[in-house]
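A quick write-up on the structure given underneath.
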Amino acid sequence: MSRSRAGPSRLIHGRRHGKKLRPGRRALIERLLPELRVVVPQRGALDARALFDPPVSEVWLEVGFGAGEHLAAQARVHPDIGMIGCEPFVNGVASLLATVAAEDLRNVRVLDDDARPLLEALPEAAIGRLFVLFPDPWPKRRHHKRRFVNRANLDACARILRDGGELRIATDHDEHCRWILDHLRRHDAFEWLARRPGDWRARPDDWPATRYEAKARAQGRQPVYLRYRRVPRG
Ligand SMILES: C[S@@+](CC[C@H](N)C(=O)[O-])C[C@H]1O[C@@H](n2cnc3c(N)ncnc32)[C@H](O)[C@@H]1O
């Protein structure tokens, strides 16, 4: 019997709910989310491009978009790109939906759940860029197994990224940064694009800031911005 893709949702360790939603935000969850929601098939592949109308030239994916500032900014400047965002935290989803509605962004789709079943359902080389911005660092050693960057998830990311596609990861946590660098260094499918310190210390112009990043800077932490290229398949 094949394993159900709904299974891993139970393993989400972060919050799903925050403060009670205001009526306007609640209405967006009830009315707009069903229109934009990505439904992961229990079996078989999900055609990512088919989610978008008008058609898009490529699909990019953001895992854990928080309040969606980065995702919305990318959607705004790249109307030809289909942006899929995954975020189980309902208040964050509602924030993104508020921006999507206010700006009438047509190229955004949302999975309000764990990203991992979606990674599994997407076909090989379906994604042009993958963003994992400030993944939860889970600093305690016994919680390291909860970190999104691990061998299994990197294998999944490598499979769904097209040749030459990009994986972007940000973190403000020193030990988590070493963990990420180490896992990516040991993965043959990824090549770090940094040549000099400025390449990872400065946020590239085409990498919009997030709320989490603003908080990190306000508290005196210096984020790093890691860009990896998906090495072309042999
Ligand atoms: C530290 S926050 C960063 C949010 C946002 N990227 C930012 O920079 O403001 C990490 C986010 O990842 C989300 N997250 C954690 N595990 C996830 C998973 N398996 N799939 C999708 N999102 C996840 C959490 O709900 C949380 O909102």
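Before moving on, here are some points about what is shown:
- Yes/no for Leu32 being in contact with a Leu (Cβ under 6 Å, 6 or more places away or on another chain), away from the ligand (no atom under 12 Å from the Cβ) and modelled with pLDDT of 95 or more: yes
- If you filter the stretch 208-234 down to residues that are touching a Phe, Trp or Tyr at 6+ places or on another chain (Cβ under 7 Å) and within 15 Å of the ligand (Cβ to nearest atom), you find that the one that is most open to solvent (accessible area, probe 1.4 Å) is Tyr212.
- Selection within the stretch 112-129 - within 23 Å of Ala189 (Cβ to Cβ) and either open to solvent by 10 Å² or more (accessible area, probe 1.4 Å) or within 12 Å of the ligand (Cβ to nearest atom) (or both): Asp114, Ala115, Arg116, Pro117, Leu118, Leu119, Glu120, Pro123, Glu124, Ala125, Ala126, Arg129
- Scanning the stretch 54-94 for residues that are away from the ligand (no atom under 16 Å from the Cβ), surrounded by fewer than 24 Cβ atoms within 10 Å (Cβ to Cβ) and not hydrophobic (A, V, I, L, M, F, W, C) yields Pro54, Pro55, Ser57, Glu58, Arg76, His78, Pro79, Asp80.
- Pairs, first on the phi < 0 side of the Ramachandran plot and touching a residue at least 60 places away in the same chain (Cβ under 8 Å) in the stretch 210-232, second open to solvent by less than 90 Å² (accessible area, probe 1.4 Å) and polar (S, T, N, Q), C-beta under 8 Å, six or more apart: Pro223/Thr171
So that you can scan it fast, the table gives a plain yes or no per residue for (1) under 17 Å from Leu51 (Cα atoms); (2) of a type in the set (D, E, K, R):
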| residue | (1), (2) |
| --- | --- |
| Arg76 | no, yes |
| Glu87 | no, yes |
| Val100 | yes, no |
| Asp112 | yes, yes |
| Arg116 | no, yes |
| Leu119 | yes, no |
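- Residue in the stretch 168-177 that is closer than 19 Å to Gly234 by Cβ, part of a strand (DSSP E or B) and touching a strand residue (DSSP E or B) at 6+ places or on another chain (Cβ under 7 Å) present: no
- Check on Leu46, surrounded by 15 or more Cβ atoms within 10 Å (Cβ to Cβ), touching a residue at least 60 places away in the same chain (Cβ under 8 Å) and away from the ligand (no atom under 14 Å from the Cβ): yes
- Flag if Ala152 is part of a helix (DSSP H, G or I), of a type in the set (A, V, I, L, M), free of Cβ contacts under 8 Å to residues at least 24 places away in the same chain and more than 21 Å from Glu69 (Cβ to Cβ): yes
- Matching option when the condition is charged (D, E, K, R) and open to solvent by less than 50 Å² (accessible area, probe 1.4 Å), among Arg196, Arg159, Arg168: Arg168
- Residues that are open to solvent by 10 Å² or more (accessible area, probe 1.4 Å) and under 12 Å from the mean Cα position of the chain (by Cα), drawn from the stretch 137-152: Phe148
- Residue match in the stretch 186-202 (condition: within 16 Å of the ligand (Cβ to nearest atom) and within 19 Å of the chain's Cα centre (by Cα)): no
The values are calculated or read from the model by the stated rules, or taken from the named source; none is laboratory data. All of these numbers come straight from a predicted model, not from anything done at the bench. Because the Cβ atoms are built from the backbone with ideal geometry, glycine has one as well, and the counts that use them run over all protein chains shown. Surface accessibility is based on the protein's heavy atoms, side chains included, excluding ligands, DNA and RNA. Shrake-Rupley method; radii C 1.70, N 1.55, O 1.52, S 1.80 Å.
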